[in-house]
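Throughout, read-outs are computed from the coordinates displayed, never taken from laboratory work. As the structure is a computational prediction, the values presented were derived from the model and not from experiment. Cβ: placed from backbone, ideal geometry, glycine included. Neighbour counts: every protein chain shown.
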Amino acid sequence: MALIGNKEYFKGIGEIKYEGKDSDNPLAYKYYNPEQVVAGKTMREHFKFAVAYWHTFCGQGADPFGPGTQNFPWDQPSDAVAAAKEKADAAFEFITKMGFDYFCFHDFDLIQEASTFAESEKRLATIVDYIKGKQSESGVKLLWGTANCFSNPRYMNGASTNPDFNVLARAGGQIKLALDATMALDGENYVFWGGREGYMSLLNTNIKKELDHMGRFLGMARDYARAQGFKGNFFIEPKPMEPMKHQYDFDSATVAGFLHQYGLQDDFKLNLEFNHATLANHTMQHEMEVAASHGMLGSLDANRGDYQNGWDTDQFPNNITEVTEAMITFLKAGGLQGGGINFDAKIRRNSTDMDDVFHAHIGGVDIFARGLLVADKIISSSQYDALREKRYSSFDSGKGKDFEDGKLDFTDLYQIAKDNGELELQSGKQELFENIINQYI
Ligand code: XLS
Ligand code: NI
Ligand code: NI
């Protein structure tokens, strides 16, 4: 394994390889075989796995009750540029050891934000240059970039939805630089997650005005990037709440409606996250189905919530049923439009060894690989598809087909109802469907 930086940060760990499901090696893939073809594509092509810079190289495990527990060696230098370069060295060591092709970042994950806008712009340019070098040495690509317009206190009342125009403009300036950084690093997509775009109290909030501002702002960002030659997708990442009481990008259905209302539907798709789906009282499969039905299934943030509490715990995915169901929708939708699978997940605060982050990602990768294999078998060899189609077979011919073809009017329905008289019940066979999933797992 060629070393890209000068130091080795994850000592004693080599490249993670596929060893098959009978392997006992905790530092090997049991199901993820990058070159294995499933449903016409290699696993590598299906997934486009990405490491999330913020969780893996920035977050040290702090929670509201205590500071971080993970003291990263790359955070030692007091100089921001030196620390950022060490962090990039560690990041690229990790990404290449995992065998991943991609990473994702927020602007100020890459380097600490400075105390002035001008200095932050300079810092960003310096680290983008450095990372460009790491990319060309390693072949690692940028799945998407984004801007952190939610941590800095200036955004406490929102970014593009802030009631103060000058804060909105500041967010515009910051996102311009994040778009520039994404384009400089050949980013394939750009994400908007509206962490503070919402409200804490309706008493002081004008929803209509804030939504109009957000719609206009996103259109301006798109126009800027397109004018610079950006060909990638823009993604909105829905989340119903946290940090705000209510966020405007609540879920897939809400965002699809918003994109259509503001004329953004041709350039924007969705980046869906498992834990955000469950926070919205949906399943991830539901969110993916809704997005796919709009032709907007763009990218996925992989993680999971905790069944016993209700916030964005961002744990690494490990629920085979949840992932298999998601992979059924994934395969039936023909995969993702431009995106990939980004591990927006963090190890727990009491996981403090340097190898913990490897175990976490290996588990996450393997659950997707296994889910994909199971989903492919369900689709190709079980009765699942046929059973589902059979439920709708009354639309394949006769009056049902006429209805789908727009050949009936409402009085026709009246006449058919009258002629039919009372109907026999048709079972939904839910338990049979559930058993098929379980059988193939
Ligand atoms: C937070 C979000 C965030 C986005 C990127 O809940 O998931 O991490 O993915 O800003
Ligand atoms: Ni996310
Ligand atoms: Ni999240």
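Here are the numbers for this structure:
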quantity: Within segment 315-334, tally of residues that are out of contact with any helix residue (DSSP H, G or I) (no Cβ under 6 Å at 6 or more places or on another chain) and surrounded by fewer than 23 Cβ atoms within 10 Å (Cβ to Cβ); calculated: 7
quantity: Members of segment 49-95 found to be surrounded by 21 or more Cβ atoms within 10 Å (Cβ to Cβ) and of a type in the set (S, T, N, Q), listed by number; calculated: THR56
quantity: Search result, residues across segment 327-347 that are within 16 Å of ligand 3 (Cβ to nearest atom) and not polar (S, T, N, Q); calculated: GLY339, ILE341, PHE343, ASP344, ALA345, LYS346, ILE347
quantity: Criterion (away from ligand 1 (no atom under 13 Å from the Cβ), closer than 29 Å to MET244 by Cα, surrounded by 23 or more Cβ atoms within 10 Å (Cβ to Cβ) and of a type in the set (Ser, Thr, Tyr)) met by exactly one of THR146, THR161, THR116; calculated: THR161
quantity: Hey, ALA50 assigned to a strand (DSSP E or B) and either within 21 Å of ALA184 (Cβ to Cβ) or β-branched (Val, Ile, Thr) (or both) or not; calculated: yes
quantity: Residue satisfying all of: in segment 287-302; out of contact with any Gly (no Cβ under 8 Å at 6 or more places or on another chain) and within 13 Å of ligand 2 (Cβ to nearest atom); farthest from TYR53 (Cα to Cα) among these; calculated: GLU287
quantity: Filter result (acidic (Asp, Glu) and either without any contact (Cβ under 8 Å) to a residue 40 or more places away in the chain or in contact with a Ser or Thr (Cβ under 8 Å, 6 or more places away or on another chain) (or both)) within segment 275-324; calculated: GLU287, GLU289, ASP306, GLU322
quantity: Subset of segment 333-355 [in contact with a strand residue (DSSP E or B) (Cβ under 6 Å, 6 or more places away or on another chain), in a loop (DSSP other than H, G, I, E, B) and among the polar types (S, T, N, Q)]; calculated: GLN337
quantity: Failed condition for GLN426, given (1) over 22 Å from GLY40 (Cβ atoms); (2) within 40 Å of the chain's Cα centre (by Cα); (3) surrounded by fewer than 11 Cβ atoms within 10 Å (Cβ to Cβ); (4) without any contact (Cβ under 8 Å) to a residue 12 or more places away in the chain; calculated: (4)
quantity: Residue match in segment 356-372 (condition: in contact (Cβ under 8 Å) with a residue 40 or more places away in the chain and assigned to a loop (DSSP other than H, G, I, E, B)); calculated: no
quantity: Residues satisfying the stated conditions in segment 211-243, i.e. within 15 Å of ligand 2 (Cβ to nearest atom), in a loop (DSSP other than H, G, I, E, B) and either out of contact with any strand residue (DSSP E or B) (no Cβ under 9 Å at 6 or more places or on another chain) or free of Cβ contacts under 8 Å to residues at least 60 places away in the same chain (or both); calculated: PRO238, PRO240, MET241, GLU242
quantity: Count of segment 374-388 residues which are over 9 Å from THR324 (Cβ atoms) and in a helix (DSSP H, G or I); calculated: 10
